[in-house]
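Structure record follows, encoded as structure tokens.
The values are calculated or read from the model by the stated rules, or taken from the named source; none is laboratory data. Quantities reported herein were computed from a predicted structural model and do not represent experimental measurements. Virtual Cβ from ideal backbone geometry, glycine too; neighbours counted across all protein chains shown. SASA here: full protein model, heavy atoms, side chains in, ligands and nucleic acids out. Shrake-Rupley method; radii C 1.70, N 1.55, O 1.52, S 1.80 Å.
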Amino acid sequence: MSGGSGRRHIPFESTRAQMKTSKDALAGGREPQGSVRINDVAQRAGVSVGTVSHTINHPELVKERTRLAVEQAIEELGFVPNQQARVVAGATSQVIGLVVLDVVSPFFMAAAKAVERAAREAGYVVILCSSDSDPRMETQLLSMLAAQRVRGVLLTPASTRKSSQADRRRRLGTPLVYLDFENSRDDCSVTVDDVEGGRLAIRHLLDTGHERFAFVGRGGGLRQHQDRARGARQALNDAGLDPSSCMVEVTQPGMGIQDGVAAADQLLKKDLPTGIFCGNDMMAFGVYRGLNRAGVKVPDDVALVGYDDIDFAADWVVPLTSVRQPTDELGYRAAQLLFSHTAGEPDHEHSQVVLQPELIVRASTRTGS
């Protein structure tokens with residue numbers, strides 16, 4: 001009968017069983033009731049629980065004969081280690097995070113596919129997150145990933161303000177590699193020369209005889225679109241033209257088809273340029289749709305250039321000329337940099353890899369096609 005304090009007596013044997021359960025979990029494998037446990041593996045292999053734990057978490061410390069016996073027992077019994085418990089016990093996490101601006105974007109999905117392939121080859125899994133281009137959401141996601149003790153994070157940041165964002169991320173203590181963004185010489189990153197990409201697009205339009213241009217991109221300080229617009233202005237300057245008089249810049253809050261449609265509506269209210277360069281292919285599709293609704297033909301009336309060269313670009317109603325990013329290489333090399341960065345290799349040096357874009361010419365800029 002319990003006393004007035006409301007305390008319940010817990011038998012010593014029950015407490016000891018709970019302590020043993022916790023020890024098993026930290027050793028590397030407390031499984032749901034009814035499944036194989038770490039002590040079952042130890043019994044099958046004829047070793048201690050500690051040896052099983054070392055085999056799972058630090059195989060380099062275990063003699064080969066013993067390791068092979070434990071691995072055989074694990075395979076025969078179908079034992080699955082508890083990954084969170086392994087990390088608590090000191091093992092390296094087999095999970096990495098990937099935080100991008102928009103998981104709907106075909107560009108980021110292609111990059112994520114390459115990251116996942118690199119992770120799978122190296123024995124890791126990926127947690128994919130979208131910040132929706134919101135710095136506050138990004139910070140929350142990074143905190144959540146740090147709480148999950150991921151090995152590291154690949155990040156496309158939502159803000160171009162480097163100093164405050166970088167300090168906040170470093171306080172989390174999670175290794176970062178920047179994807180499609182160069183932060184500083186103290187960080188690893190893989191990006192594409194978007195300034196050169198902008199130059200390629202406008203040079204092509206100049207070479208095909210155009211004199212009045214528009215750049216359609218996303219506002220809000222998105223670094224990639226800022227650099228593409230900068231490259232476009234540089235190409236005009238190089239040709240002896242004044243960008244302020246021969247190119248109008250239209251920005252939208254997003255990067256999707258509807259944003260492109262809205263940009264086209266704005267351009268149609270003015271003196272319509274004959275060459276339009278869009279910050280990504282999805283916006284170019286929207287611009288095409290808006291122009292087509294108004295009876296403006298691509299490429300007869302207006303030449304149209306996109307950016308990214310996503311899979312749909314070649315199969316669009318009028319196949320789209322686009323600046324191709326090496327998206328697969330971008331994602332794959334960023335993942336490899338993260339693995340090297342987090343491996344603790346003494347000769348690791350932070351690298352800032354810059355890849356080169358390529359212009360792919362199709363019907364949307366071929367007059368008379």
Original post:
With contacts defined as alpha carbon pairs under 8 Å and 6 or more residues apart, what's the relative contact order of the range 200-308 in percent?
Top reply: 31 percent
Original post:
Sorted by mean Cβ packing within 10 Å, highest first, what order do the peptides 181-194, 146-159 take?
Top reply: 146-159, 181-194
Subject >> the range 243-369: C-alpha gyration tensor shape, a/c 1.5 cut-off, then a/b vs b/c >> reply: prolate
**OP:** Report the calculated FRET efficiency for residue 125 and residue 230 (r = Cβ-Cβ distance, R0 = 25 Å), to the nearest 0.05.
**Re:** 0.10
**OP:** With only Lys, Arg, Asp and Glu charged, each at its Cβ (+1 for the first two, -1 for the last two), find how big the charge dipole of the range 320-360 is about the Cα centre; round to the nearest 20 debye.
**Re:** 200 debye
Subject >> q = 0.12, 0.14 Å⁻¹: log10 I(q)/I(0) that the Debye formula gives for the range 156-300, counting C-alpha atoms only >> reply: -0.55, -0.70
Subject >> the range 103-261, relative contact order [Cα under 8 Å, separation at least 6], % >> reply: 16 percent
Original post:
If we sort 207-213, 97-103 on the protection proxy, mean other Cβ atoms within 10 Å, highest first, what's the order?
Top reply: 97-103, 207-213
**OP:** Please give the length that would be gained between residue 355 and residue 292 if that part of the chain were fully extended, namely 0.36 nm times their separation in residues minus their C-alpha to C-alpha distance (nm, one decimal).
**Re:** 19.2 nm
Subject >> residue 149 versus residue 239: modelled label distance in nm, points set 7 Å from Cα along the beta carbon direction >> reply: 5.8 nm
Original post:
Hey, how many Å between the Cα centroid of the range 196-267 and the Cα centroid of the range 307-369?
Top reply: 19 Å
Subject >> Contour excess over end-to-end distance, with Cα ends at residue 268 and residue 314 and 0.36 nm allotted per residue >> reply: 14.0 nm
Original post:
Counting only protein heavy atoms and using a 1.4 Å probe, what share of the accessible area of the range 200-325 belongs to carbon plus sulfur, as a whole percent?
Top reply: 47 percent
**OP:** Towards the positive end of the charge dipole of the range 102-253, with charges on Cβ (+1 Lys, Arg; -1 Asp, Glu), say which of 144, 205, 178 has the farthest Cα.
**Re:** 144
**OP:** In Å and from the alpha-carbon atoms only, list the Rg and Dmax of the range 216-288.
**Re:** 11.9, 34
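With r as the distance between the Cβ atoms of residue 348 and residue 185 and R0 = 22 Å, compute the FRET efficiency 1/(1 + (r/R0)^6) and round to 0.05.
Taking R0 as 22 Å, the efficiency between residue 185 and residue 348 is 0.95.
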Original post:
How much length is gained if the chain between residue 68 and residue 132 is pulled fully straight, taking 0.36 nm per residue apart and subtracting their Cα-Cα distance, in nm to one decimal?
Top reply: 18.4 nm
